[in-house]
1. Using a ≥ b ≥ c from the Cα gyration tensor of region 8-78 (square roots of the eigenvalues), is it rounded, prolate or oblate, where a/c under 1.5 gives rounded and otherwise the larger of a/b and b/c decides, a/b for prolate?
2. In whole Hz, with x marking every Gly and Pro, tabulate ³J(HN,Hα) for region 157-165 from phi via Karplus 6.51 cos²θ - 1.76 cosθ + 1.60, θ = phi - 60°.
3. How would region 51-142 be classified by its alpha-carbon gyration tensor: rounded, prolate or oblate, with rounded meaning a/c under 1.5 and the a/b versus b/c comparison settling the rest?
4. Per DSSP H run of n ≥ 4, the term is -39500 (n - 2.57); total these for the chain, divide by its residue number, and report the mean residue ellipticity at 222 nm rounded to 500 deg cm²/dmol.
5. For region 17-170, with only Lys/Arg (+1) and Asp/Glu (-1) charged at the beta-carbon, what is the dipole magnitude about the Cα centre, in debye rounded to 20?
6. How long is the gain from Asp142 to Gln156 if the chain were fully straight, where each residue apart is worth 0.36 nm and the alpha carbon distance is subtracted?
7. Would you pull out the residues with amide H under 5 Å of Ala27's amide H, same chain only if 5 or more places away, H placed 1.01 Å from N?
8. Please tell me the relative contact order of region 21-115 in percent, rounded to the nearest whole number, where contacts are Cα pairs under 8 Å and at least six residues apart.
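Each reported figure results from applying straightforward, stated rules to the coordinates on display, with no laboratory input. Keep in mind the model is a prediction, meaning the values are calculated, not measured. Because the Cβ atoms are built from the backbone with ideal geometry, glycine has one as well, and the counts that use them run over all protein chains shown.
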Amino acid sequence: MNQVTNTTTPLPPFGAAIAGQGGYFAAIMRGPTVDGVQQPAIALIVSDAAHHKATAWGEYGVEIKGCSSRTDGHGNTLAMLAANCPAAVHARSITVDGHSDFFVPSIGELNAAAANVPELFDAEGVYWASTQHSARYAFAQDFEYGGSYWSYEDYQRLVCPFRAVPLQNLIA
């Protein structure tokens with residue numbers, strides 16, 4: 001009888017600093033579907049608190065096409081950048097460990113990270129997601145009281161820049 005050998009390398013624990021990746025391991029998400037093909041899972045990396053900044057999401061009353069995804073913060077952020085939204089401009093302005101591909105997380109990405117590593121966020125803060133509801137509202141997550149709601153886009157909320165890397169990159 002053949003003996004099965006476990007050759008799987010464990011993932012780092014949630015909340016661990018990931019050398020060379022610009023932050024901390026926060027969550028695992030299903031990879032995007034590209035041209036009908038499901039891509040591999042991704043790991044979400046949350047930037048250090050020093051890079052979290054209070055800013056408006058965007059201009060109140062301006063709807064931005066391409067910002068409605070509940071799972072693709074990178075895509076939402078690209079649309080926000082085209083409209084010069086302050087939250088997206090901040091996320092893309094930082095470079096950590098040579099990476100400058102940070103984005104504002106979607107609702108799903110922010111919620112996944114909040115569930116796994118709430119200690120990486122300001123416990124009294126309210127954070128923007130990149131998901132827009134309408135010309136007036138974008139999603140916000142309140143860490144102090146636990147509420148999730150659509151907030152006026154011109155309010156000052158915190159932006160926590162995220163990165164997404166293939167999950168296999170975290171397995172040494």
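1. Details: a/c = 3.48, a/b = 1.27, b/c = 2.73.
Oblate shape, in that a/c is at least 1.5 and b/c is the bigger or equal ratio.
2. Ordered by residue, 3J(HN,Hα) equals 9, 7, 10, 10, x, 10, 10, 10, 10 Hz.
3. Details: a/c = 1.56, a/b = 1.21, b/c = 1.29.
Oblate.
4. Numbers: 3 runs with 28 residues, N = 172.
Computed mean residue ellipticity for the chain: -4500 deg cm²/dmol.
5. On the way: 8 positive and 15 negative charges, 61 e Å.
Magnitude of the dipole: close to 300 debye.
6. Values: separation 14, 0.36 × 14 = 5.04 nm, distance 1.25 nm.
Stretched fully, the Asp142-Gln156 segment lengthens by 3.8 nm.
7. Leu44
8. Numbers: 142 pairs, mean separation 28.1, N = 95.
30 percent.
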